[in-house]
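Colleague: Please read through the structure below; I'll follow up with questions.
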Amino acid sequence: MDIPLADLKVQYTTIKREVDDAIQSVIDETAFVKGRYVKAFEESFAKKNGVNHCVGVANGTDAIYISLRALGIGKGDEVITTAFSWISTAETIQQTGASPVFVDIHPDTYNIDVSKIEERITLKTKAILPVHLYGQPADMAPIVDICERYDLKLIEDSAQAHFAEYNGQMVGNLGDAATFSFYPGKNLGAYGDGGAVVTNDDKLAETVRRIANHGALGKHDHEIGGVNSRLDGIQAAVLSVKLKYIDQWNDDRLKNAKIYNEALSGIGDIETPGIHPAVKHIFHVYTIRTSRRDPLCDFLSENGISTGIHYPVAMPFLPPFKELGYTSEKLPVASDYQNRILSLPMYPELTEDQIQHVCDLIKTFFRKR
Ligand SMILES: *Cc1c(COP(=O)(O)O)cnc(C)c1O
């Protein structure tokens, strides 16, 4: 039985008619850029997140870059973020001219260790950019408190956490702005690239919209320098269809994670992901830890099971950030975890039999040693 890490095709088959019709309507109306499909999606995404504004942009990376710029972050500033994320999180800080300041992750959650933030604040610090990694919200209450005490901006990188919750509040409501990615493999994925910024701040929403559209709200009204970063009509139409199913899909991921956790408990030296009682984790990826990561990965691959590593190298150790001089002594958890993590197949349509099959293979692997 071959099992992929994620399966976008199986999901498409369940909504094919609706998606095909939606795409055809955009083409019939030539509503390719901007237009009513984008507007309708922005409205429903904002409403479902419980926020006042949503601005669609070209991808989740631009969503972060544009938010940072709209909040006035630029040359000479510092932005505190987690050591462990997809490169976009730190890359966009550099794009603004600011410098990322990396904080190690908490060993239980993979998210920024809030107890290590304050010691990194300087006079140059302008913002904190936590990531809700793997679909689990960062520990936001202490972060909100720090931002208030030091007058810092707060941007949630929610690319992996659509509709995840923290203390009963949805992500996207906890800072000045939150950014989302609709990359096809994300929990809410388009059929191409897409992204969004959400905020409750009217002025900020307007600035984000301006920057994303060449600095203009209307035609030729270029007040500031901007970029060309818009959500397109076809992606918006697909996303509007998928928005109807996202809660069910997120619940199915959580259910699958619980089956994995139960089946993998006590096997070899495997550590399964904890599910904190105060959060709703939506399991964008399901990641275990083991000291035998590489041989386990090879064994699963030989048996038709695809796995992933999110991420093989912590951001501060990637070439674009090398000059900042981070060492593994400074970031002990992230540098240890990068060598031990392994993501197993995770998607809503994964069946219990498939999960059991993966777990049986893992048991076989550890029994052989
Ligand atoms: C996917 C992702 C992004 C970037 O989104 P794109 O749409 O691929 O540009 C940013 N941050 C995190 C944490 C992500 O997982």
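The values are calculated or read from the model by the stated rules, or taken from the named source; none is laboratory data. These numbers were taken from a predicted model, which means no experiment stands behind them. Note: ideal-geometry Cβ built from the backbone for every residue, glycine included; neighbour counts use all protein chains shown.
Colleague: Across the stretch 41-70, what is the number of residues that are within 16 Å of the chain's Cα centre (by Cα), surrounded by fewer than 23 Cβ atoms within 10 Å (Cβ to Cβ) and within 17 Å of Leu217 (Cβ to Cβ)?
Modeller: Selection size over the stretch 41-70: 0.
Colleague: Considering only the stretch 17-31, I want to know if a residue exists there that is within 16 Å of the ligand (Cβ to nearest atom), of a type in the set (Gly, Ala, Ser) and touching a residue at least 24 places away in the same chain (Cβ under 8 Å).
Modeller: no
Colleague: Another question, if that's okay. Within the stretch 267-308, can you find the residues that are under 11 Å from Leu342 (Cβ atoms) and within 16 Å of the ligand (Cβ to nearest atom)?
Modeller: Those that are under 11 Å from Leu342 (Cβ atoms) and within 16 Å of the ligand (Cβ to nearest atom): Val285, Tyr286, Thr287, Gly308.
Colleague: Right, another one. Mind listing just one residue for me: the one in the stretch 32-64 that is of a type outside the set (Gly, Ala, Ser) and closer than 16 Å to Gly175 by Cβ and, of those, farthest from the ligand (Cβ to nearest atom)?
Modeller: In this case the residue turns out to be Asn52.
Colleague: Another question, if that's okay. Which one of Gly135, Gly192 is within 15 Å of the ligand (Cβ to nearest atom), at positive phi, free of Cβ contacts under 8 Å to residues at least 60 places away in the same chain and not acidic (Asp, Glu)?
Modeller: Going through Gly135, Gly192 in turn, the sole match is Gly192.
Colleague: I'd like to know if the stretch 273-290 contains one or more residues that are in a helix (DSSP H, G or I), at pLDDT 95 or above and surrounded by fewer than 22 Cβ atoms within 10 Å (Cβ to Cβ).
Modeller: no
Colleague: Of all strands (runs of 3 or more DSSP E) completely enclosed by the stretch 79-196, which ones contain at least 1 residues that are within 14 Å of the chain's Cα centre (by Cα) and β-branched (Val, Ile, Thr)?
Modeller: Result: 153-157, 177-181.
Colleague: Restricted to the stretch 310-369, and to residues that are part of a helix (DSSP H, G or I) and in contact with an Asp or Glu (Cβ under 6 Å, 6 or more places away or on another chain), which residue is nearest to Glu91 (Cα to Cα)? Reasoning before the result, please.
Modeller: Filtering the stretch 310-369 for residues part of a helix (DSSP H, G or I) gives 315-317, 319-324, 332-337, 352-367.
Those left that are additionally in contact with an Asp or Glu (Cβ under 6 Å, 6 or more places away or on another chain): 333-334.
Working: Val333: 21, Ala334: 18 Å.
Across the stretch 310-369, the extreme among qualifying residues is Ala334.
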